[in-house]
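The values are calculated or read from the model by the stated rules, or taken from the named source; none is laboratory data. Every value quoted in this text rests on a predicted model; they were computed, and no experiment measured them. Cβ placement follows ideal geometry from the backbone for every residue including glycine, while neighbour counts extend to all protein chains displayed. These area figures cover heavy atoms from the full protein model, side chains too; ligands, DNA and RNA do not enter into them. Shrake-Rupley method; radii C 1.70, N 1.55, O 1.52, S 1.80 Å.
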Amino acid sequence: MPLKGILYGLLIISVSRGEEIFTSKIFIKKIDPTFFNWTENSSVRGFKYRATLANNPDLPRWMSYLYSDRHRAGFIFGVPPVNQPNFKLDIIGINKDTYESLHKTIHLNVTEKQDIARYEVHLKVDNLNVQDLFDSHRLQKLLNIFMDVLWKSSKNYLYVTFLASAVKLGARLPLIPQEGEGVVVHLGSREEFSEELMDLQEEVRPLLKFSSCPRDFKRTTVDRHFRSQGFLLDWCSFRLVKLESESGNAHYKEAEADIMGGSGWKLPDKYNLPTRDYVSEMLMTIIVPAATLVILWLFLSFVLCFQHQSVKQKSEDNELTIAQYQAVQRATDTLRSMDNNRNTETSPRLTSDRMDTCRPNPPPYSATKRIAYSECKIGEDVIIASMSYDIKPTINAQTSKIQ
């Protein structure tokens, strides 16, 4: 039983014969079910692959792994740097139906390329993805355009020196997911640039100030050769580069200091890792907000205290004003009522005369009675006048006090 679990859980297969790859030249390794002696129809949910450097957690930085749904396979690709020693890759495959896992080790023998490229053409293809160029016939079509039309002298020496997704190099994803992400391709040769390439460089020179152009932004005189083969080029990214050193390009030299240089990958030392002081951060988190709240509380208390005093003083002034106004209003109402009573008072004689117009007039009063009535009338007017004289100074005093 344990033996059966080991056989189905992990099967280790060693490959003694190594594969040869060349420095400064792209290599592409396809990983599919046949690589593990599986049949493509043996799994409904498909397979999963993982590639790492032997005895390391990941691939070297000059190498990439990509799974293609269209090919239903994984691809390992990259350009070995100059002075790269031989190395091994660990490939693990998992059957998603049965979770059976297999392990293979690939030995890669790196060989220095003799006719290393000294001249490169940099291209960007807008309508393709990286996995589209994994098809050997499509990549060969691109090389044939240069070998047969634009760079005939490099027919026997032209090869791909760089291949990467434009998105990985900083470009944006397309707005329509069905469109290609874009592929950056470098083609190199030891032969000098042809006259056709130099003329093409002069033709696109006004576009050099742009890092990238929209699709169909500019078409050139040789654009028909690429479009007929299904390549839509970004001419703003077209460059002719002459390498400074005969030993290789700058990105080859940069990879020489990779972890594959012989020392291998090492875990970082725990004591060398930077430490973080949480005490100061906690103090800053607590003290700063607390101090801000205290300052805000003091400010609001100061504002509300003075505001309360001003409101109280204002209310007292309003009460005094209302009291003075009510006193004046009462005096005014008293004068008006007295004036109305005086105007409405009439003698009973006159009232009876108005009410009974049919009665005959009485005989006239005697002189004595007439004098008494006049004195009474005069006395009444004097009383009213004296009352008015006594009230007016009080009203005038209250009015001046309000003003």
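Scanning the range 212-221 turns up no residue that is free of Cβ contacts under 8 Å to residues at least 60 places away in the same chain and part of a helix (DSSP H, G or I). When V82, V110 are screened for being modelled with pLDDT of 90 or more, surrounded by 18 or more Cβ atoms within 10 Å (Cβ to Cβ) and more than 35 Å from the chain's Cα centre (by Cα), only V110 passes.
For the range 205-216, the candidate set comprises residues that are out of contact with any Cys (no Cβ under 7 Å at 6 or more places or on another chain) and farther than 30 Å from P81 by Cβ; within that set, the residue that is modelled with the lowest pLDDT is D216. With respect to (1) in contact with a Gly (Cβ under 7 Å, 6 or more places away or on another chain); (2) open to solvent by 20 Å² or more (accessible area, probe 1.4 Å); (3) at pLDDT 90 or above, the lone exception for K88 is condition (1). Among residues of the range 135-164 that are under 22 Å from T221 (Cα atoms), those with a Cβ under 6 angstrom from a residue that is open to solvent by 50 Å² or more (accessible area, probe 1.4 Å), sequence gap 6+ or separate chain, pair up as K141/Q229; I145/H225; M147/K155; V149/H225; L150/E196; S153/E191; S154/E191.
Do any strands (runs of 3 or more DSSP E) lying entirely in the range 88-167 carry at least 2 residues that are among the hydrophobic types (A, V, I, L, M, F, W, C) and farther than 23 Å from D234 by Cα, and which ones are they? Walk me through how you get there before you give the answer.
On the way: elements: 101-111, 119-125, 159-165.
Passing ranges, in order: 101-111.
In the range 39-61, the count of residues that are open to solvent by less than 30 Å² (accessible area, probe 1.4 Å), closer than 28 Å to L240 by Cβ and either not in a loop (DSSP other than H, G, I, E, B) or not aliphatic (A, V, I, L, M) (or both) is zero. Does at least one position in the range 152-174 carry a residue that is more than 24 Å from Q201 (Cα to Cα), open to solvent by 20 Å² or more (accessible area, probe 1.4 Å) and more than 28 Å from the chain's Cα centre (by Cα)? No, that holds for no residue.
Check whether at least one residue in the range 243-263 is open to solvent by 90 Å² or more (accessible area, probe 1.4 Å), at pLDDT 75 or above and hydrophobic (A, V, I, L, M, F, W, C), and report yes or no. The answer is no; no qualifying residue exists.
Could we say that E203 is over 20 Å from D126 (Cα atoms) and open to solvent by 40 Å² or more (accessible area, probe 1.4 Å) here?
On the way: over 20 Å from D126 (Cα atoms): no; open to solvent by 40 Å² or more (accessible area, probe 1.4 Å): yes.
Taking the combined requirement at face value, the residue does not satisfy it.
Among (1) in contact with an Asp or Glu (Cβ under 7 Å, 6 or more places away or on another chain); (2) at pLDDT below 90; (3) among the basic types (K, R), there is one condition K168 misses while meeting the rest; what is its number? Only one criterion in (1) in contact with an Asp or Glu (Cβ under 7 Å, 6 or more places away or on another chain); (2) at pLDDT below 90; (3) among the basic types (K, R) is unmet by K168, namely (1). Beta carbons closer than 7 Å, at least 6 apart along the sequence or on distinct chains, never pair a first residue in the range 103-116 that is closer than 30 Å to K155 by Cβ and free of Cβ contacts under 8 Å to residues at least 40 places away in the same chain with a second that is open to solvent by less than 30 Å² (accessible area, probe 1.4 Å) and of a type in the set (G, A, S). Restricted to the range 180-200, and to residues there that are out of contact with any Leu (no Cβ under 6 Å at 6 or more places or on another chain), of a type in the set (D, E) and open to solvent by 70 Å² or more (accessible area, probe 1.4 Å), the residue that is modelled with the lowest pLDDT is E181.
With respect to the stated conditions, V121 is of a type in the set (V, I, T) and open to solvent by less than 10 Å² (accessible area, probe 1.4 Å). Taken over the range 124-151, the criterion of being over 43 Å from the mean Cα position of the chain (by Cα) and either open to solvent by 40 Å² or more (accessible area, probe 1.4 Å) or not aromatic (F, W, Y) (or both) is satisfied by N144, M147, D148, V149, L150.
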